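Engineer: My questions all concern the structure below.
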Amino acid sequence: MNVLMKWVSGAAVAVVVGALPNLATAETAADLMKSRLGTTEVDPVIADAFARAARPVTPELRAKALECWNNNGCDTGTGGKIKVAYADGFGENVWRRVTAMEFIQQALTYPEIGHVQYSSARGDVSKAIADIQAYTAQGVDVIVVFADAGKALGPAIREAKEAGIAVVLHNGTEAGAAGTDYQSNIAENICKMGQEFVKAVIAGNPNAKSIVALGGTPGNPLSATWQDCAEKEAAAHPGVKIVARMDTNWTQEGTFTAVSAALSQYGKVDGYIYEYADGFRGAVRAYDTAKKPDDYVVATNETHSIREFLDLAFGYVNLDWKKYVEIDPRYYRPAEVDLLIGDYSKAKRQLGWEPKTKFADLVKLMVDADVKLLKDHREGRVRVTA
């Protein structure tokens, strides 16, 4: 496989699984694959994408990536002949901005790539078509597409392919036939995601009956796909129903409007399902405004990997965790999220609460408690059963 084909698929993989080149952690390519995919037995192209994502970010790479990101494109400075472009159907929220950076950083690991471009159609179907046509006219070598407009993009995508451009879609929205109209469509299992959303609501609230499904821009195929599957899953649970589908434009303000309408119409909603976590801050504001009983997140606003936890916990008692811990792929989440982080800002704003115990200190407290429990058990003060 030549470098062009290898990169175009690898870039789409990076965007789908959230495989940014390694910003802070010391995860290896194998660690990344296990956490995102649940296996290391993958196609060589995917393995190469993860190997590049595991590379450390140098100051030079960071500076160039930010230049490309802020300016929606750049010359990479390598003198490479390949020109790559990312046509985003709607790039105006946090997650889409992250995917743009994933695309850019993946591209910057290839010296053969000399120019990177990015465009957002801002939810406008006509602009989405025009962006792809413009890249075709410019003679780029690769176009990665987030096809929010679905089949409406088909003719423009086929024109690009006929012009000899490698076109890859990502995140599940079809715009024709993979292998015929474009090279491939690399995606998570979008239907499975909708099913797992419903299961998560029921697991968290076994008495849940009414669920509101929040989606992105009106008519987008991505939201429609997982919502269809969520409705079928809900129907398999007696009494559980998706009472409404509401568009949010994948923004906090749009989410505020949608949830305010849901509260006005239904009074009580047992659960919300949504593919855009950051936008749900607008839902919290809707509950504040409606003076509804509310929940608070008690957290540190930090994110840490299980590997970091193991390093600290076992290191505190001078043990190597690799000798004691086994990894079982059966327990990986079927639809993994890219980022889990607890935001306590609401608790601080309304209750004046903020965390005083940091992550490392909390790990030590937990280990100390376990060591004390073991000592008390051995000395007969308490009895511990399996």
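Engineer: At a Förster distance of 25 Å, what's the computed FRET efficiency of MET366 paired with ALA203, Cβ-Cβ distance as r, to 0.05?
Structural biologist: So the FRET efficiency works out to roughly 0.55.
Engineer: While we're looking at this one, here's another question. If the limit is 28 Å between Cα atoms, which of LYS348/LYS375; LYS151/LYS192; LYS346/LYS372; LYS199/LYS358 go over it?
Structural biologist: Listed pairs above 28 Å: LYS348/LYS375; LYS346/LYS372; LYS199/LYS358.
Engineer: Which is the longest part of the chain that has none of the GluC sites (Glu not before Pro) sitting in a DSSP loop with at most 12 other Cβ atoms within 10 Å?
Structural biologist: The longest uninterrupted stretch comes out as 42-301.
Engineer: So, one more: Ordered by residue, what ³J(HN,Hα) values in Hz, to whole numbers, does the stretch 153-170 give under the Karplus form 6.51 cos²θ - 1.76 cosθ + 1.60, where θ = phi - 60° and Gly and Pro are x?
Structural biologist: So the J values, rounded to whole Hz, are 7, x, x, 5, 5, 5, 4, 5, 5, 5, 7, x, 8, 7, 10, 10, 9, 9.
Engineer: Of (i) 33, 27, 22; (ii) 38, 30, 19; (iii) 40, 37, 23, which one was derived for semi-axes √(5λ) of the Cα gyration tensor in Å from the structure shown?
Structural biologist: From the options (i) 33, 27, 22; (ii) 38, 30, 19; (iii) 40, 37, 23, the structure gives (ii).
Engineer: Check which residues have an amide H placed less than 5 Å from SER184's amide H, if you skip close sequence neighbours.
Structural biologist: LEU169, GLY179
Engineer: Taking H placed 1.01 Å from N in the peptide plane, check which residues at least 5 places from TYR86 or on another chain put their amide H under 5 Å from its amide H.
Structural biologist: Counting only residues 5 or more places away or on other chains, the set is GLN117, TYR118, SER119, VAL144.
Engineer: May I pose another question? Express in whole angstrom the spacing between the alpha-carbon centres of the stretch 112-163 and the stretch 256-299.
Structural biologist: Between the Cα centre of the stretch 112-163 and that of the stretch 256-299, the gap is 36 Å.
Engineer: Test of understanding: in a Gaussian network model of the chain with alpha carbons linked when under 10 Å, which of THR255, THR39, THR303 would top the mean-square fluctuation ranking?
Structural biologist: THR303
Engineer: If R₀ is 25 angstrom, what is the calculated FRET efficiency for the pair TYR331 and VAL297, using the beta carbon separation as r and rounding to 0.05?
Structural biologist: The value I calculate is 0.55.
Engineer: Long-range amide H contacts for GLY80: which residues qualify at under 5 Å (H placed 1.01 Å from N, peptide plane, sequence gap of 5 or more or a different chain)?
Structural biologist: GLY114
Engineer: Separate question: For the chain, modelled as a Gaussian network with Cα springs under 10 Å, which listed residue fluctuates most, ILE242, ILE327, ILE143?
Structural biologist: Of ILE242, ILE327, ILE143, the Gaussian network model singles out ILE327 as fluctuating most.
Engineer: Separate question: Taking 7 Å along the Cα-to-C-beta vector as the label spot, tell me the ALA290-ALA137 distance in nanometres, rounded to one decimal.
Structural biologist: Distance between label points: 4.7 nm.
Engineer: Given the rule -39500 (n - 2.57) for each run of at least 4 DSSP H residues, summed and divided by the residues of the chain, what is its mean residue ellipticity at 222 nm, to the nearest 500 deg cm²/dmol?
Structural biologist: -14500 deg cm²/dmol
Engineer: Take the alpha carbon gyration tensor of the stretch 306-378, find the square roots of its eigenvalues, order them as a ≥ b ≥ c, and report rounded if a/c is under 1.5; if not, report prolate when a/b exceeds b/c, else oblate.
Structural biologist: oblate
Engineer: Something else about it: Report ³J(HN,Hα) in whole Hz for each residue of the stretch 227-236, in order, from the Karplus equation J = 6.51 cos²θ - 1.76 cosθ + 1.60 where θ = phi - 60°; Gly and Pro get x.
Structural biologist: Working through the residues one at a time gives 5, 4, 5, 5, 5, 5, 5, 4, 5, 7 Hz.
Engineer: For the pair LEU340 and LEU373, what calculated FRET efficiency results from E = 1/(1 + (r/R0)^6), where r is the Cβ-Cβ distance and R0 = 25 Å, to the nearest 0.05?
Structural biologist: Calculated value: 0.35.
Engineer: Which shape class applies to the stretch 59-172: rounded if a/c is under 1.5, otherwise prolate when a/b exceeds b/c and oblate if not, where a ≥ b ≥ c are the square roots of the Cα gyration tensor eigenvalues?
Structural biologist: Oblate, since a/c reaches 1.5 and b/c is not below a/b.
Read the figures in this text as sums done on the coordinates, not as results from a lab. All of these numbers come straight from a predicted model, not from anything done at the bench. As a convention, Cβ positions derive from the backbone with ideal geometry for all residues, glycine included, and neighbour counts pool all protein chains shown.
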